[in-house]
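Undergrad: Please see the structure below; I have some questions.
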Amino acid sequence: MKEYSKVIVVGDFNINVNNQVESQQLLDYMRKYGLSLINNIGEMSNNGNTQIDLLFSTDVSDSIPMHWYESYFSYHKPLWFSIKGSLSLENLRIK
């Protein structure tokens, strides 16, 4: 199995990280694989006042800028982020 030095995991996890009790197991699991939460705790990622849309990364040396914007077509606020450097399509693995 090939190992990667920089990994980003993003998606709707349906676990509210604003609730420490609810999210602790997920955060511990991700830390076990070297992934840190990039989101700012306390922000809301949807109209239900929870933060379930999350961004994790193995690379926390450089802050990954991430932001929300309001969607008029979805309950969720779309998350966008940017990374520095170039991306090789051969090395990009989207699952």
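Here, each number is a calculation from the coordinates, and none is a lab measurement. What you see is a predicted model, and the numbers here were worked out from it, not measured in a lab. Here the Cβ is made from the backbone with ideal geometry for all residues, glycine too, and neighbour counts use every protein chain on show.
Undergrad: Percent relative contact order of the chain, based on C-alpha pairs within less than 8 angstrom and at least six residues apart? Kindly include the intermediate steps, with their values, before the conclusion.
TA: Numbers: 126 pairs, mean separation 24.9, N = 95.
Answer for the chain is 26 percent.
Undergrad: Positive end of the dipole of segment 8-81, charges at C-beta (+1 Lys, Arg; -1 Asp, Glu), about the Cα centre: which of Gln51, Trp80, Tyr69 has its Cα farthest in that direction?
TA: Selected residue: Gln51.
Undergrad: Hey, what angle do you get for helix 20-32 against the long axis of the chain, alpha-carbon based, 0 to 90 degrees rounded to 10?
TA: 0
Undergrad: Return the label of the correct value of percent of Cα pairs over 19 Å apart, as calculated from the structure shown, out of (1) 45; (2) 61; (3) 50.
TA: Answer label, from the structure shown: (1).
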